[in-house]
Amino acid sequence: MKVAVYIRVSTLEQAEEGYSIGEQKDKLRKYCEIKDWTVVKEYVDPGRSGSNLNRPSIQQLIKDAPKGLYDAVLVYKLDRLSRSQKDTLYLIEDVFQKNDIHFVSLSENFDTSTAFGKAMIGILSVFAQLEREQIKERMTMGRIGRVKSGKVMEFNNPPFGYEVENDNYKVKPLQGAIVKKIYDMYLSGISISKIKETLNEEGHVGNPYSWSDTRLRYILSNPTYTGKIPYRGKIYEGRFTPLIDDDTFKKVQQELKERQVSTAKRFNMQLRPFQSKYMLSGILKCGYCGATLFVNSYVQPNGHRRLRYNCPSTYKSMQKAKKYAVKDPNCPFKLVYAEKLEPVVINEIKKLALHPDSIRKPKTIHHNGIDVAAVKKELASIKKQQQKLIDLYVISDDINIENISKKSADLKIQEEVLTKKLSQAVEPDNGKLINFQNLLAKSSDIDQLSYDEQKFIVKKLIKSIDVYNDDRIKINWNI
């Protein structure tokens, strides 16, 4: 077996504990001779701490692992490899085992090729997890201590209206005035959608991007604007200037709740009916290959978040994923932005609600060549013929019973055949159409509703949407 020997000493250990490089080399070489192993390379880190992996030779050992230079790694003692259990486990599991390399420690008689050695890996995993949990707990306690002292947590993406200065938030006058305007408009009875339209018509003052319902709702429900810091489900007092007073914020939260309840009653829906996060998730289909588009959320360098829908057939990182089916690797679909597509869909629903006569009523379905109306008509005819035979039998004294029985049996066979055919056909669901029309009738002002309310209506009215590169869409209504 080809063996790589790893040796590490720190200056203090070499002087006090007798772990000199020469002594380790001698013992490890003799051990390999006894085992009839061949030492192919020696990796030495003199005067290096084992608290981390920032050592030249250990890094070279890691780089050589996939090359097949050695079959096993041998150390004098386990802590020669690393004094960190997390790093030790990383080397054993993610470097050595991944490349079919055994790990052997001479002093502890630790060998990952044995059952005991494999069990030790499990024990190391437990301690490594404990170490990670302790680090996480210390970090959490540090964050809690920070927010308790009134220091903010969001530095990279402060709320609209604030900027970071000296480890805290500072009000941006222009944007701060817009935040106050949003709260005032909402309390005056203006809908979120109308506020969005108003702000966008003003030319995105203080904001280089289009306003959305989601962003406005976030602003209206963010307690940070009252000078407080939300963290892990709790609210802490901050040390920065509030933009909104507590009384105004409470009134807005109550108004948000009341409007949600009102809309729920209006559309006869539950208060928490929304399963997907985004309006069009799950219903967008590639117009070319038919695959379900997936939402891709990303943050631009300037901090603005955008949503786009991609086809798994043309998105390389999704071609190996099992969640989304790849229909055609040569699919020409590019991408579509949610901020561009969502208003188009809302406008189509509004147009249909204002002109309900344009709804195409579902026709009788011919399933497997079956004309449902014709089958029902024939069945009615057979029923009449059967009734005539019964009447003939009752009023006639000299009727031939055998003839009547034969005709009745023939009609019975025809009836069974037609009934079976009818069961195989699918008839239009008139009840579904009525429900569709009732919801549509309440959606003429959908552009004035909140994002969640719009999302509920879209999911109810639309079965799927075929999307193409030229901004063309085809809506398949849920009727």
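Remarks
- The stretch 82-110 - residue that is buried (at least 19 other Cβ atoms within 10 Å of the Cβ) and of a type in the set (G, A, S) and, of those, nearest to G47 (Cα to Cα): S82
- If the condition is being buried (at least 16 other Cβ atoms within 10 Å of the Cβ) and more than 15 Å from N347 (Cα to Cα), then the stretch 436-455 contributes F436, L439, D452.
- K420 passes every criterion in (1) of a type outside the set (D, E); (2) at pLDDT below 80; (3) within 35 Å of the chain's Cα centre (by Cα); (4) not in a loop (DSSP other than H, G, I, E, B) apart from (3).
- The stretch 437-451, subset at pLDDT 80 or above and among the charged types (D, E, K, R), residue farthest from L341 (Cα to Cα): D445
- Scanning the stretch 111-153 for residues that are under 19 Å from D79 (Cβ atoms) and at pLDDT 80 or above yields D111, T112.
- Whichever residue in the stretch 160-209 is among the polar types (S, T, N, Q) and in a helix (DSSP H, G or I) and, among such residues, is nearest to G238 (Cα to Cα): Q175
- Close Cβ contacts (under 8 Å, 6 or more residues apart or on different chains) running from residues in the stretch 335-352 that are without any contact (Cβ under 8 Å) to a residue 12 or more places away in the chain to residues that are crowded, with 19+ Cβ neighbours inside 10 Å are absent.
- Picking from residues in the stretch 464-479 that are out of contact with any Phe, Trp or Tyr (no Cβ under 9 Å at 6 or more places or on another chain) and among the hydrophobic types (A, V, I, L, M, F, W, C), the one that is surrounded by the most Cβ atoms within 10 Å (Cβ to Cβ) is I465.
- Looking only at the stretch 66-83, and only at residues there that are closer than 21 Å to R48 by Cα and assigned to a helix (DSSP H, G or I), the one that is nearest to the chain's Cα centre (by Cα): L81
Every residue, every condition in (1) at pLDDT 80 or above; (2) among the hydrophobic types (A, V, I, L, M, F, W, C), yes or no:
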residue: L352; (1), (2): yes, yes
residue: P362; (1), (2): no, no
residue: I365; (1), (2): no, yes
residue: N368; (1), (2): no, no
residue: A373; (1), (2): no, yes
residue: L379; (1), (2): yes, yes
residue: K384; (1), (2): yes, no
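- Some residue of the stretch 8-23 being surrounded by fewer than 19 Cβ atoms within 10 Å (Cβ to Cβ) and among the basic types (K, R): no
- Qualifying residue in the stretch 75-88 (condition: within 21 Å of R29 (Cα to Cα), at pLDDT 90 or above and not aromatic (F, W, Y)): yes
- The residues on offer are M141, M185, and the sole one that is farther than 30 Å from I446 by Cβ, of a type in the set (A, V, I, L, M, F, W, C) and free of Cβ contacts under 8 Å to residues at least 60 places away in the same chain is M141.
Here's the yes/no breakdown for (1) part of a strand (DSSP E or B); (2) under 37 Å from the mean Cα position of the chain (by Cα); (3) not assigned by TED's automatic domain parsing to the domain that holds Y6:
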site: D45; (1), (2), (3): yes, no, no
site: T88; (1), (2), (3): no, yes, no
site: I92; (1), (2), (3): no, yes, no
site: F116; (1), (2), (3): no, no, no
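- Among (1) modelled with pLDDT of 85 or more; (2) at positive phi, the one test that L91 misses: (2)
- K67 closer than 21 Å to N109 by Cα, surrounded by fewer than 20 Cβ atoms within 10 Å (Cβ to Cβ) and of a type outside the set (A, V, I, L, M, F, W, C): no
- L187 being touching a helix residue (DSSP H, G or I) at 6+ places or on another chain (Cβ under 7 Å), over 25 Å from K170 (Cα atoms) and modelled with pLDDT of 90 or more: yes
- The criterion of at least 3 residues that are modelled with pLDDT under 90 and under 29 Å from the mean Cα position of the chain (by Cα) is met by the following strands (runs of 3 or more DSSP E) wholly inside the stretch 210-297: 228-231.
The values are calculated or read from the model by the stated rules, or taken from the named source; none is laboratory data. On a predicted model such as this, the values are computed, not experimentally measured, just so you know. Virtual Cβ from ideal backbone geometry, glycine too; neighbours counted across all protein chains shown.
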